[in-house]
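Asker: Just passing along the structure, written as structure tokens.
Where a number appears in this text, it was derived from the coordinates with a stated rule and is not lab data. Everything numeric in this text was worked out from a predicted model, so none of it was measured. Don't worry about glycine lacking a Cβ; one is built from the backbone with ideal geometry, like all the others, and counts go over all protein chains shown.
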Amino acid sequence: MAPWLILLAAVSPLALRVEVEPLGKGATGTVVAVAVQVAPEEREQLGPRVRFHVEFWKGSQKLDDGSGVGELAGDGSFLLYREWPSGEGLLRVQVSSLDGSKVGVVERKVVVPVLDKPFVAPEGAPPDATALAPSPPAEEAVRFARPRLGTVVGTVELTLEAPEDTGEVRFFQDSQLVVVKNRPPWQLSLSLGATPRRTVVRAEAWSRDGRLLGEDAVVLSGSESRLEVQILLREGKGEDQPTRVTVAVSPPGLEEEVVLRLDDRTVARWLSCPCVTELPAQALRSARILVAEARGGGREGEAVLAVGTGTLLETARVDVVELPVSVLDAAGKPVSDLRPEDFHVWENGHPVVVDSLGRSEDLPVLLGLAVDVSGSMEKDFPLVRQAVGGFLADFLRPGDRFFLGTFAWEFSLLLPWGSEPRLAVDRLARVRVEGGTSLHDAVIKALELFRGKKGPRGLVVITDGEDTTSRTGWDAALRYARTMRTPIFPVGIRVSVLDFVFRSRLSELAAATGGEAFFVGKPEDLPAVYRRIGEQLRQQYVVVYRSPASSAGDAFRQVTVKVQREGVTVRTTPGYFPSP
């Protein structure tokens, strides 16, 4: 075993040891077990659970980045299952108490061997181990035979493969029931017209005694550069019954790997479809997003479902899309005199007609603020507090609404949606500045407050350092942000120019949502940043159009916006998941 290593830090150090054992060949690399153990004398003080963060690097490339909560065994250990590429790399494991008062870090070189024997999860293994062993294609599953590829017009014939005891098949086109068949062959003749458009066809197979045997979906005239991925959920009859999850990939037969994740945790993996599994109902209720990723044939694709805050959310039909757009001139100033005909919008490569164009200066604005109050912010917090109060007082107009939240170990909502900026400074003055930095969790929880709201909006996140204590990993937070169509304006305070990873993440978060990232060397610079954010929010356009995707689905919809004017920069989300 590795020697005991102690982290010297402002918080109490936590002694750890880490051992890595190769287990077998995975889908893309070698599956390893990472055994983490805290010193025996620490076990009683920590309690039964700890937070962990694990990274695996090869050179300057981070190949693994996972966070979560570990359940300590009686000897103070817990086990992680990961999949890494072969060769030498650097492993970094951080473990902290739930309150962040104790932190330990181990960094060590690891040589990952190439193994020929496939990894098989041991009996009774946890879900993360089971998920690393690729599941075989579901037997007796329902699946569309491969249709012809590319753009489809005119009449298309689709054939469904179904179990022998199938007594009825229901075919749906873009969520509408089109035909019910009660005997094989299970075929559908579909007239698509002369103009190609993206069409989702779904089929349900039912037994003669009324049991759902399975379902599948196929996308016609979809993207020619990406795989189209659909997540089909079927809840159990009882409240505690598992939910059946089917991942449908189009075009069928191209998939080489399909991965299903619940938040940051891999729960299933397949090398070919049919891709069917069951998930505990409680796991879905307590999660935030369900993600399916597929690759094959030189393409990739993913689908995301927001599964909500305690209840499973039905994916809503999305017809009308409101897209926040900022247009800046060469000097970085907002352009405010554009008309609907100046905007050209494409969704998944298809041009759309702009139905209307709103301007935030004519509409009430929704503003969210999430302020880092971790221990490292203590010195700067008085000036940060004043700057936040000044920003709200200067920016808000009658009809605007805002909320104010803080985050350290957890996200706390200080002020729900309201319009009284004078309350902000008073509430912030009562906050204790201490603890870790749960940035990822804060982004998700703050964005949840925008759910169901319409009109111009923006979320400002003020922080001085990288996430250390979130339950949610970076990838899950970024995916969730892409579902909400809310521009995010991260503001980094005293972030070193050498902290490439953190700066890159804040910039990526802004770019993925149509916002802008700012970095200030001292809190005295915040008012100028807030003025710039205020200008963008106040001069934001809301482009409204009808989506050419006539079914809700859950695949990412790529959006391109261009403006018919020389020398301008258009800033908006590069696309969206329609789930919320």
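Asker: Can you say what percent of the DSSP beta bridges in the range 12-123, counting only those with both residues inside, are antiparallel? Round to 5.
Answerer: Antiparallel bridges make up about 95 percent of those DSSP assigns within the range 12-123.
Asker: If you don't mind, there's one more thing I want to ask. Report the Cα centroid-to-centroid distance between the range 215-290 and the range 340-404 in angstrom, as an integer.
Answerer: With the range 215-290 and the range 340-404 each reduced to a Cα centre, they are spaced 34 Å.
Asker: Could you rank the peptides 497-506, 395-404 by their average count of other C-beta atoms within 10 Å per residue, with the highest value first?
Answerer: Numbers: 497-506: 14.6, 395-404: 16.8.
Listed from highest to lowest mean packing, they are 395-404, 497-506.
Asker: Shifting gears a bit: At 7 Å along Cα-to-Cβ for each site, give me the label-to-label distance between residue 393 and residue 497 in nm.
Answerer: 3.4
Asker: To continue, here is another question. Please list, ordered by chain and number, the residues whose modelled amide H lies under 5 Å from the amide H of residue 400; skip anything fewer than 5 residues away on the same chain.
Answerer: Under 5 Å from the amide H of residue 400 lie the amide H atoms of 365, each far enough along the sequence or on another chain.
Asker: Which of the lysines could a cross-linker bridge to residue 117, judged by Cα under 19 Å and excluding same-chain residues fewer than eight apart?
Answerer: 25
Asker: Still on this structure, I have one more. Using only the Cα atoms of the range 12-123, build the gyration tensor, take square roots of its eigenvalues as a ≥ b ≥ c, and label the shape rounded, prolate or oblate: rounded if a/c is under 1.5, else prolate if a/b is larger than b/c, else oblate.
Answerer: prolate
Asker: Give me 183, 285 sorted ascending by neighbouring Cβ count inside 10 Å, so fewest comes first.
Answerer: Sorted ascending by nearby Cβ count, the order is 183, 285.
Asker: Quick one: divide the alpha-carbon radius of gyration of the range 99-222 by 2.2 N^0.38 Å and tell me what you get.
Answerer: Working: Rg = 22.5 Å, N = 124, 2.2 N^0.38 = 13.7 Å.
With N residues counted in the range 99-222, Rg over 2.2 N^0.38 Å equals 1.64.
Asker: Please list the non-local residues whose amide H lies under 5 Å from the amide H of residue 213, H modeled 1.01 Å from N, same-chain partners needing a gap of 5 or more.
Answerer: 205, 206, 207
Asker: Can you give the FRET efficiency for residue 423 and residue 448, using 1/(1 + (r/R0)^6), R0 = 30 Å, r = Cβ-Cβ distance, to the nearest 0.05?
Answerer: 0.90
Asker: Enumerate the aspartates and glutamates that residue 58 could reach by cross-link, defined here as Cα to Cα under 20 Å, with residues fewer than 8 away along the same chain left out.
Answerer: 19, 21, 83, 88, 107, 475, 499
Asker: So which lysines can residue 333 reach, going by Cα to Cα under 28 Å and dropping same-chain residues fewer than 8 places off?
Answerer: 453, 454, 522, 562
Asker: Mind checking the alpha-carbon convex hull of the range 361-540 and giving the volume per residue in Å³?
Answerer: On the way: hull volume 17.7 nm³, N = 180.
Convex hull volume per residue, Cα atoms: 98 Å³.
Asker: Here's something else I'd like to know. Given Cβ point charges of +1 (Lys, Arg) and -1 (Asp, Glu) and nothing else, what value in debye, to the nearest 20, does the dipole of the chain about its Cα centre take?
Answerer: My answer is approximately 1080 debye.
Asker: From the phi of every residue in the range 115-124, what ³J(HN,Hα) in whole Hz does the Karplus formula 6.51 cos²θ - 1.76 cosθ + 1.60 yield, where θ is phi - 60° and glycine or proline is x?
Answerer: Listing the rounded values in order: 10, 8, 6, x, 6, 10, 5, x, 4, x Hz.
Asker: How would you classify the range 143-306 from its alpha-carbon gyration tensor, with a ≥ b ≥ c the square roots of the eigenvalues: rounded for a/c under 1.5, else prolate if a/b is greater than b/c, otherwise oblate?
Answerer: oblate
Asker: Oh, and also: Could you tally the net charge around residue 349, taking each other residue with its Cβ under 15 Å from the Cβ of residue 349, Lys/Arg +1 and Asp/Glu -1?
Answerer: The answer is +3.
Asker: Right, something else. Taking N as the number of residues in the range 296-443, what value does Rg over Cα atoms divided by 2.2 N^0.38 Å take?
Answerer: That works out to 1.37 for the range 296-443.
Asker: Next question. Given the options 351, 179, 37, identify the residue whose Cα lies farthest towards the positive end of the charge dipole of the chain (+1 on Cβ of Lys, Arg; -1 on Cβ of Asp, Glu).
Answerer: The residue sitting farthest along the positive end of the dipole is 351.
Asker: May I pose another question? When Lys and Arg each count +1 and Asp and Glu each count -1, what net charge do the other residues less than 10 Å away from residue 433, Cβ to Cβ, add up to?
Answerer: Working: positive: 379, 385, 432; negative: 372, 378, 380, 434.
With Lys, Arg at +1 and Asp, Glu at -1, the net is -1.
Asker: Would you mind calculating the gained length between residue 139 and residue 329 on full extension (0.36 nm times residue separation, minus the Cα-Cα distance), in nm to one decimal? Walk me through the intermediate numbers first.
Answerer: Values: separation 190, 0.36 × 190 = 68.40 nm, distance 5.77 nm.
Net length gain for the segment: 62.6 nm.
Asker: Taking H placed 1.01 Å from N in the peptide plane, check which residues at least 5 places from residue 471 or on another chain put their amide H under 5 Å from its amide H.
Answerer: Residues meeting the amide H criterion: 441.
Asker: Something else about it: Between the range 292-306 and the range 457-480, how many Å separate their Cα centres?
Answerer: If you average the Cα positions of each part, the centres end up 23 Å apart.
Asker: Now for a different question. Starting at the first residue of the range 529-535, write each ³J(HN,Hα) from the Karplus equation 6.51 cos²θ - 1.76 cosθ + 1.60 with θ = phi - 60°, in whole Hz, x for Gly and Pro.
Answerer: In residue order, the calculated couplings are 5, 4, 4, 5, 4, x, 4 Hz.
Asker: Need one word for the range 163-244: rounded, prolate or oblate. Basis is the Cα gyration tensor (sqrt eigenvalues a ≥ b ≥ c); a/c below 1.5 gives rounded, then a/b vs b/c decides. Don't skip to the end; give the middle numbers.
Answerer: On the way: a/c = 2.59, a/b = 1.41, b/c = 1.84.
Oblate shape, in that a/c is at least 1.5 and b/c is the bigger or equal ratio.
Asker: Which of 208, 82, 108 comes first, and how do the rest follow, when ranked by fewest Cβ neighbours within 10 Å?
Answerer: 208, 108, 82
Asker: Using the Cα centre of the range 206-311 as the reference point, and only Cβ charges (+1 on K/R, -1 on D/E), how large is the resulting charge dipole? Debye, rounded to the nearest 20.
Answerer: I would put it at about 220 debye.
Asker: Suppose every K and R has +1 on its Cβ and every D and E has -1 on its Cβ; what is the size of the dipole of the range 361-540 about the Cα centre, in Debye to the nearest 20?
Answerer: Dipole of the range 361-540, to the nearest 20 debye: 480 debye.
Asker: Could you please report the charge total around residue 132, scoring K, R as +1 and D, E as -1 over all other residues with beta-carbon less than 10 angstrom from its beta-carbon? Please list the in-between numbers first.
Answerer: Values: positive: 82, 269; negative: 83, 128.
The answer is 0.
Asker: Packing-wise, with mean Cβ within 10 Å as the measure, how do 351-357, 36-42 rank, highest first?
Answerer: Top to bottom by mean Cβ count within 10 Å: 36-42, 351-357.
Asker: Going by C-beta contacts inside 10 Å, put 119, 144 in order with the fewest on the left.
Answerer: 119, 144
Asker: What's log10 of I(q)/I(0) for the chain at q = 0.10, 0.11 Å⁻¹, Debye sum over Cα points only, no solvent?
Answerer: -0.95, -1.13
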